2 protein chains.
Amino acid sequence: MYGVKIFLLVMVSLSVLGARESLSQQALKQRLEPIPSDEKTLFSYINDPSDPISEDKVELGKKLYFDPRISKSGLISCNTCHNLGMGGVDGVETSIGHKWTMNPNHLNAPTVYNSVFNKVQLWDGRVSHLEIQAQSPIQSEAEMAASTELVMERITSIPEYVAEFKKAYGKDVNITFEKIASAIGVFERTLVTPSPYDDFLNGNEDALSKTQKEGFELFLEKGCTKCHYGIALGGTVQPFQVAAKYKFIEIGNFKGNENGMVKTPTLRNVAETYPYFHNGQVWSLKQSIMDMGSIQLGIKISSKDADLMMDFMHALTGRKPVIIYPMLPRSTIKTPKPDMN
Amino acid sequence: MYGVKIFLLVMVSLSVLGARESLSQQALKQRLEPIPSDEKTLFSYINDPSDPISEDKVELGKKLYFDPRISKSGLISCNTCHNLGMGGVDGVETSIGHKWTMNPNHLNAPTVYNSVFNKVQLWDGRVSHLEIQAQSPIQSEAEMAASTELVMERITSIPEYVAEFKKAYGKDVNITFEKIASAIGVFERTLVTPSPYDDFLNGNEDALSKTQKEGFELFLEKGCTKCHYGIALGGTVQPFQVAAKYKFIEIGNFKGNENGMVKTPTLRNVAETYPYFHNGQVWSLKQSIMDMGSIQLGIKISSKDADLMMDFMHALTGRKPVIIYPMLPRSTIKTPKPDMN
């Protein structure tokens, strides 16, 4: 009899516990999604079947990503502003480009890590495809300032690059500017960083600390996932300044897209992607959390809650892929010279 | 009797051949020296017993070498001008530093690869120690433009760096500016690139092609080793414009050291370290060879000979160490902010 009572008690307790959804269940319901732990599934997420990822393309794209010769001066590479050793960003308010030019809209460089999971790219979300996005900074006067012709001439003047394009895309490849940007995009697709947060959602209950779980609960409760959802925890355009004005809105005077909407940045590696917001005006992650409460959600997030939420966000710092620094093929006498002007 | 005659003939031939020195023997006589193939010997060559190389120091030094936060702007690292993916140089006439400033003397960035074998550093040879050299560009207004205080504050504000200094130099380490530069220097000591040329001098007769051997002979015959000798094939100060004026001497108006002497650059990886000469005015390696004939040796080197010598110089392109791109520790809220001005 005694045994039966204990058995019933345990059953009742379990069903009560079961009635309350687990943190993971709540998260999934709020459209959060982990980076799949299974490599095959992950590959299907990051691959673009119309231009499939291959080892040769990635290796070529990596070289081009690190090659400053795709800029007019020969000094600025993709990695200059999206530094893979610094969370995929440059750690400055707004990027400095050709001739020490500041971005005219004072826009902050978003991280390249996990950008494959963004539904849209660039702060106004005007581009969705990574391979298209890569064309933009190369040509922008305030960034790499190179013409499409210059980039093509530089790359095609280097026999090793030509050989690598043939190896990656077939011997009849037409090495256009678009193809060059495309190889960079393929490399970028591989820059994913699974984190303790993903381990937790993938079933490892111990991947988050007690306070991180508390912070995660607050993150869900307060409604952060209205914008920060999906694998990227961001990466879609959303209304900005929903409840209050962003204190630094005038700096750079960025207007968002035609509807005034702004791309929600990914929260992955957010502890490393300071300074925050589209114009990089806030350096403190805690402050950013509190600001988002007031600006977007119309709530006051207490200092204690912000600390816990920040603790959770550290669990979004991911394991970076090992990157062997590429040895770039040398220029030839035909390669167009660097141009500082 | 017939057998004895053949025997004698063979002996005479061998002794005649023996009388003519081998290419390697001639090279060693002209003070050339290979990078030792034996790791222990190599270590004794690159190590400074007063601050011995260790894995922890090299790992820390590598991070600092790639860290743009040791510059005022937070954008320029050692690797910006001494790019390890580009033969250890930036591939531009003269380096561009803070605020897009050109080097006031229009000096070309020398390669960091094998700089440990230079007897002196910098174009006027005013510094001999790599660890001291590293202090100079960090502070130079036209390069990284950082004060010693700023660099120290940046690095000591980052707990992971402090921990790495303790690990590398002991728990009582005093993280001074000199110590930071010193760690960079230790990393640089490891940047050696053994080449087919070394393999040849170390006994592998097949390491050079037929034309490379011909080029090597010309290199020795014409007297290039008067300045380009030692392991570095350069790296000592020597008189410049011995026989004729350098056509571009006015550009940058560099005067050399107090005796008008200039550091002979290493020829290792010379095929990758274009453009050439102290002010980077010549892009063609072949032209540089011919120019050196007229300017330094007072001889006309024919186009055919220059081609062969250039072919030999390609055998100086070395095998680069594999460099895992370092993941840098993130800044903290105490870290002094980037300063673009």
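What follows is calculated from the coordinates using simple rules that are stated; it is not laboratory data. Since the structure is predicted, the reported quantities are computational estimates derived from the model, not experimental observations. FYI the Cβ positions are ideal-geometry reconstructions off the backbone, even for glycines, and counts take in every protein chain you see.
In this structure, the amide hydrogen of B:Val282, modeled 1.01 Å from its nitrogen in the peptide plane, lies closer than 5 angstrom to those of B:Tyr276, counting only residues at least 5 positions away or on a different chain. Cross-link reach is defined here as a Cα-Cα straight distance under 22 Å, omitting same-chain residues fewer than 8 places apart; for B:Lys63 the lysines meeting it are A:Lys62, A:Lys63, A:Lys320, B:Lys72, B:Lys166, B:Lys167, B:Lys171, B:Lys179, B:Lys320, B:Lys334, B:Lys337.
Taking each residue in B:61-67, count the Cβ atoms of any other chain within 10 Å of its Cβ, then average. What number comes out?
1
Starting from the label point of B:Leu42 at 7 Å along Cα→Cβ, the same points in the other copies fall at 3.3 nm, in ascending order.
So what's the back-of-envelope 222 nm ellipticity for chain B, counting only DSSP H runs of four-plus at -39500 (n - 2.57) apiece and dividing by all residues, rounded to 500? It comes out at -11000 deg cm²/dmol, rounded to the nearest 500. Copy-to-copy label distances for A:Glu55, where each label lies 7 Å from Cα along Cα-to-Cβ, are 2.7 nm in order of increasing length.
What is the average number of partner chain Cβ atoms found within 10 Å of a Cβ in A:79-86?
Details: counts 3, 5, 1, 0, 7, 4, 11, 10.
The per-residue average across the peptide is 5.
By other beta-carbon atoms within 10 Å, ranking A:Arg69, A:Arg189, A:Arg319 with the fewest at the front produces A:Arg319, A:Arg189, A:Arg69.
Between A:Ile184, A:Ile53, A:Ile251, the GNM of chain A built on Cα springs shorter than 10 angstrom shows A:Ile251 fluctuating the most. Placing a label point 7 Å from the Cα of A:Ser157 along the Cα-to-Cβ direction, the distances to the matching points in the other copies come to 4.1 nm, shortest first.
Taking only the Cα atoms of chain A, the ratio Rg/Rh comes out at 1.05, with Rh defined as the Kirkwood radius. Mean-square fluctuation check for chain B, GNM, Cα pairs under 10 Å: which of B:Ile180, B:Ile96, B:Ile249 is largest? Greatest mean-square fluctuation among the candidates belongs to B:Ile249.
Please list the equivalent ellipsoid semi-axes of region B:42-189, computed as the square roots of five times the alpha-carbon gyration tensor eigenvalues, in descending order and whole angstrom.
Values: eigenvalues 110, 74, 31 Å².
Semi-axes, largest first: 23, 19, 12 Å.
Taking a Cβ cut-off of under 11 Å around B:Gly125, the surrounding Lys, Arg, Asp and Glu residues balance to a net charge of +1, with basic ones at +1 and acidic ones at -1.
Only alpha carbons enter this Debye calculation for region A:225-341, each as an equal point scatterer, and the log10 of I(q)/I(0) it gives at q = 0.11, 0.12, 0.15, 0.17 Å⁻¹ is -0.50, -0.57, -0.76, -0.89. Principal semi-axes of the equivalent ellipsoid, √(5λ) from the alpha carbon gyration tensor of the protein assembly as shown, are 54, 28, 25 Å from largest down.
With neighbours defined as other Cβ atoms within 10 Å of a residue's Cβ, the residues B:Leu316, B:Leu84, A:Leu42 order from fewest to most as A:Leu42, B:Leu316, B:Leu84.
The distance separating the Cα centre of region B:161-189 from that of region B:134-151 comes to 17 Å. Considering only A:Pro52, A:Pro159, A:Pro110, the mean-square fluctuation computed in a Gaussian network model of chain A, springs between alpha carbons under 10 angstrom, is largest for A:Pro52. As a proxy for reagent exposure, ranking A:Asp56, B:Asp206 by other Cβ atoms within 10 Å from fewest up yields B:Asp206, A:Asp56.
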